[in-house]
Amino acid sequence: TAIAHAVVHHLVHDTQCRAMFATHYHSLVDDWHRHPDLVSLGHMACLVENGGRDITFLYKLASGASPRSFGINVARLARLPDEVLSLAGDKAAAFEDMLKHSAEDQRRRYLSHAAKILQALQTAGAAEGSNTSALEEALAEIR
């Protein structure tokens, strides 16, 4: 991922080239979608059927990042053995599950820190005799 970030940074800032490339580095999308003045995201439009098993690429550029990775579908189109596709599917599901849990844990930690900060601000405001109703409302929303 570090090399991919460095390459994109070089393409955007140093060579200022216009480039199109495919990537499975979702962190690149996360980082670069915040810079619409520098980078436009696009993906190949597709028709997904049968619960994601069947995909038809429409050979049409669509705006934004791809909603998900279709690597296993591409491998199926390339006629890789079923055993490889099955193992890839298992690994992809495990990876997505890990990312989901990681995001949930990160959100819980963030909310915990935010609640502590708001409590500290509320305590400090109350000690000074300030109106703390806005802080109380924010704290109630977090809880």
field: Student exercise, the stretch 1-130 dipole from Lys, Arg, Asp, Glu Cβ charges, in Debye to nearest 20
entry: 100
- prompt: Of all accessible surface on the stretch 18-87 at a 1.4 Å probe, what whole percent is carbon and sulfur?
  reply: 56
- prompt: So how much accessible area does Thr123 have, in Å² to the nearest 10, using a 1.4 Å probe?
  reply: 90
Leu11 versus His43: modelled label distance in nm, points set 7 Å from Cα along the beta carbon direction: 1.6
task: Kindly state, to the nearest 0.05, the FRET efficiency for Gln106 paired with Leu61, given R0 = 22 Å and r defined as their beta-carbon distance.
output: 0.10
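The values are calculated or read from the model by the stated rules, or taken from the named source; none is laboratory data. Note that the structure is predicted; figures quoted are calculated from it, not measured. For neighbour counting, all protein chains shown are included, and Cβ atoms are generated from backbone atoms with ideal geometry for every residue, glycine included. The protein model used for the area step is the full one, side chains on, heavy atoms only, and it has no ligands, DNA or RNA in it. Shrake-Rupley method; radii C 1.70, N 1.55, O 1.52, S 1.80 Å.
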